[in-house]
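These notes concern the structure reproduced below.
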Amino acid sequence: MRHDLDYIFRPRSVAVIGASRREDSVGGQLLRNLFRFEFNGPVFPINPKAKVVHSTKCYPSVLDVPDEIDLAVIVVPKQLVPKMIDDCGKKGVKGIVMITAGFREVGPKGIEAEEKLIKKIRKYGMRMVGPNCFGVINTDPDVRLNATFATALPLPGKIGFLSQSGALGEAILDHASQLNLGLSMFVSVGNKADVAGNDLLEYWKDDPQTELILLYLESFGDPRRFTMLARSIVQQKPIIVVKAGRTEAGARAASSHTGALAGLDVAAEALLDQCGVLRVRSMEELFDVSEAFANQPIPKGQRVAIVTNAGGPGILAADACVSLGLDLPPFNPKTITTLRKFSNPEASYSNPMDMVSGAGSEQYRKTLKAVLQDNNVDAVIVIFVPPITIDPVGVAQAIIAASQNSFNKPILCCFMSAADERSGIKDLKRNRLPVYLFPESAALALSAMVKYGKFRERKTGKIGEFKVKKKKAETIFTRALRERREYLTEKEVVDVLEAYGIPFPKAEIANTYDEALERAEKLEFPVALKIVSPEVIHKSDIGGVVLDIRNEAELIRGIKQIVDATKPIKKKLGEFQIMIQEMITGGKETILGMIQDPKFGPLIMFGMGGIYVETFKDVNFRIHPITDIEALEMVKTLKSFPLLKGVRGEKPVAFDVIAEMLQRVSQLVSDFNAIQEMDVNPFIAFPEREKCTAVDGRIRIRLDS
């Protein structure tokens, strides 16, 4: 049976509704492209005002075409679209590419028109790309479909390219051709009213013509479906994405540290990282990285050799590689012995290998051959800065010759010259060797390949299921919702978290001075004091925390300090409470958190905690639920991980405990979707498992849940 998207990407016949003789019209250019690209099927121009277009019989309506039509490409004014869809539906057309604009992108009236359009599409059982799109391409020799109005013809290849921006279509196709990058399919999805990114991922998943998937996205449709599809696809095919919308357009209204740190782009970053999708920052980087993926094998490790004829670019390449997490190992002694036989006396045998400027084609061939044979090397970056006395084409041919037996190791080239006929660059590209103008671009592309290779080898992990006291927590949430309280009390927070296995120090709640003295003695000094009041979210901000109280006198002074601090909220002791808590000293302060994202659902957060968490912002987010492996990665990929690992002889903290606490938070979130946001801050981590403990927490709930 045919896939429903085959009617769009593998049609047996195409109608162009709005075909035109005018060369400067979209309908005219689109019809020409179908002929220029030699579509393997009949093309039916539709235009009631013409009898013939481009020597092809033209029909007033699709209903007048005597043959069956799989795909209709619609290029007519917006007001004519409803009738055209009805005609297509009556004709039995199953695929629509809606080039026409003026729908959702123009505001409320456009949204209303698009919703009516979708109802018609579904009524007739059609699938539609668009509206407001650039069109679709399939270079498969059995199809040869170019239903776009681009002036550049695409090269056939193995890349599936989805763009949410039609405006980028022309530039994408033109630049891909310049880089000798061939496409299997190209899709401009426009408003994504029907066919969206997830549909294309599912379609390309099993498509033998597509080996690499490139995405330009401005928004996600269904993040959960994307996660399921992407995780499956990247085991076989890399997915590289430019996701627009990195910056925060407006401040998030959040009271927790987690909420304050969960900016506009955090959820998308976490989702892509968990799925193994490679994210790049710009279209330029997208092409740099895809050029390497499309032409070279994935490296088996992160050990890189740099071969150069100029010291400066070699240093730039080395700096870029190291900053991107790649290794520059020394060459094997056997390799150095081989290199000494033919290298210039001034050459350096370290990594980078600087052959000096006099190195010609034969030295490049022999050096690259020796380096590729080195067991310490997984990939090579070759740099050439053309001196007047050296023929660039000869050097390019030498690199090509050496690459014929590369031991399945990727080779990336950096030719720092203009890409003319005498540069050798076109020869390299024709032989599937990616070429970059600057070494940093080559390093970036190689680091993406290494990252992808690591992800393919990464185990999925398991979602932990712990024995908890769910009913105890349920009672607390039910009561808070019934009382219409947005925040759980201090005591309720502790009870909920302890019910889910997150430990807290011993603590007592006091309403008066006398109660505070009595309960402090019960706990034994030293203790900590904290204000307990729904009006105070961040206790430290108003001076509502006093630490390391060692005797009764200090306790009285501490209580007075907290009472004085509450003057701005105009509450007296008794109207707020004081928590006396066992004092915890030492350890490393971390934070565990969670917030509901309106699009992506719950986000789990981990980072360095305490009062400076929002200042340093060294945190990681993951989409809920998280596995044991993902929880451990959240810890080990922090910038400040060395502090947790231990410096100057310190023992590392119990990472497995932190990972377990993150999974317990994830389980709590699974059980209670009423939680809007929460912090466990600080969670103090020690080398000893039994000493690790939470010290403070906050839970905000959704009253509409």
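The values are calculated or read from the model by the stated rules, or taken from the named source; none is laboratory data. The structure displayed is predicted, hence computed values, not measured ones. Here the Cβ positions follow ideal geometry from the backbone for every residue, glycine too, while neighbour counts run over all protein chains shown.
Listed values, structure above:
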| item | result |
| --- | --- |
| Total residues in the range 425-434, condition touching a residue at least 40 places away in the same chain (Cβ under 8 Å) and buried (at least 22 other Cβ atoms within 10 Å of the Cβ) | 2 |
| Among the residues listed as L517, L481, the single one being modelled with pLDDT of 90 or more, part of a helix (DSSP H, G or I) and surrounded by fewer than 20 Cβ atoms within 10 Å (Cβ to Cβ) | L481 |
| Condition broken by V545, with the remaining ones in (1) buried (at least 20 other Cβ atoms within 10 Å of the Cβ); (2) in contact (Cβ under 8 Å) with a residue 24 or more places away in the chain; (3) aliphatic (A, V, I, L, M) satisfied | (2) |
| Odd one out for A443, checked against (1) closer than 21 Å to S666 by Cβ; (2) in contact (Cβ under 8 Å) with a residue 24 or more places away in the chain; (3) surrounded by 18 or more Cβ atoms within 10 Å (Cβ to Cβ) | (1) |
| Tally, over the range 489-542, of residues that are closer than 18 Å to E582 by Cα and not charged (D, E, K, R) | 24 |
| Among residues of the range 389-415, those that are crowded, with 16+ Cβ neighbours inside 10 Å, in a loop (DSSP other than H, G, I, E, B) and more than 31 Å from the chain's Cα centre (by Cα), counted | 2 |
| Selection within the range 292-320 - closer than 30 Å to G245 by Cβ and in contact with a strand residue (DSSP E or B) (Cβ under 8 Å, 6 or more places away or on another chain) | A292, F293, A294 |
| Among the residues listed as F438, F477, the single one being more than 22 Å from N180 (Cβ to Cβ), aromatic (F, W, Y) and touching a residue at least 60 places away in the same chain (Cβ under 8 Å) | F477 |
| P687 being farther than 24 Å from K470 by Cβ, out of contact with any helix residue (DSSP H, G or I) (no Cβ under 6 Å at 6 or more places or on another chain) and crowded, with 22+ Cβ neighbours inside 10 Å | no |
| Hits in the range 112-129 - residues which are in a helix (DSSP H, G or I) and under 31 Å from the mean Cα position of the chain (by Cα) | E114, E115, I118 |
| Sole residue being farther than 30 Å from R700 by Cα and either at pLDDT below 95 or polar (S, T, N, Q) (or both), chosen from D222, D194, D199, D174 | D174 |
| Subset tally (residues that are modelled with pLDDT under 95 and not in a strand (DSSP E or B)) for the range 692-702 | 3 |
| Yes/no for S361 being touching a Ser or Thr at 6+ places or on another chain (Cβ under 9 Å) and more than 26 Å from M449 (Cβ to Cβ) | no |
| Any chance R32 is part of a helix (DSSP H, G or I), out of contact with any Gly (no Cβ under 9 Å at 6 or more places or on another chain) and either charged (D, E, K, R) or free of Cβ contacts under 8 Å to residues at least 12 places away in the same chain (or both) | yes |
| Sole residue being of a type outside the set (A, V, I, L, M, F, W, C), modelled with pLDDT of 95 or more and either buried (at least 19 other Cβ atoms within 10 Å of the Cβ) or assigned by TED's automatic domain parsing to the domain that holds S423 (or both), chosen from P345, P330 | P330 |
| Test: residue in the range 47-69 that is within 41 Å of the chain's Cα centre (by Cα), crowded, with 16+ Cβ neighbours inside 10 Å, assigned by TED's automatic domain parsing to the domain that holds P141 and modelled with pLDDT of 95 or more | yes |
| Those residues of the range 446-478 which are among the aromatic types (F, W, Y) and surrounded by 15 or more Cβ atoms within 10 Å (Cβ to Cβ), in sequence order | Y452, F455, F477 |
| Options V81, V136, V97, V93: the member that is buried (at least 18 other Cβ atoms within 10 Å of the Cβ), in a loop (DSSP other than H, G, I, E, B) and assigned by TED's automatic domain parsing to the domain that holds P42 | V93 |
| Subset tally (residues that are within 16 Å of the chain's Cα centre (by Cα) and farther than 15 Å from V665 by Cα) for the range 598-618 | 2 |
| Yes/no for E23 being surrounded by fewer than 15 Cβ atoms within 10 Å (Cβ to Cβ), over 30 Å from Q209 (Cα atoms) and assigned by TED's automatic domain parsing to the domain that holds P141 | yes |
| Of the criteria (1) surrounded by 20 or more Cβ atoms within 10 Å (Cβ to Cβ); (2) under 34 Å from the mean Cα position of the chain (by Cα), which one G107 fails | (1) |
| Any hit, the range 45-59, residues being within 17 Å of L145 (Cα to Cα) and of a type outside the set (D, E, K, R) | yes |
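Residue by residue, here is whether (1) modelled with pLDDT of 95 or more; (2) in contact with a helix residue (DSSP H, G or I) (Cβ under 6 Å, 6 or more places away or on another chain) holds:
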site: P387; (1), (2): no, no
site: A396; (1), (2): yes, yes
site: A402; (1), (2): yes, yes
site: L412; (1), (2): yes, yes
site: G424; (1), (2): no, yes
site: A448; (1), (2): yes, yes
site: F455; (1), (2): no, no
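So that you can scan it fast, the table gives a plain yes or no per residue for (1) at pLDDT 80 or above; (2) part of a strand (DSSP E or B):
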| site | (1), (2) |
| --- | --- |
| K522 | yes, no |
| P534 | no, no |
| D548 | yes, yes |
| L555 | yes, no |
| I562 | yes, no |
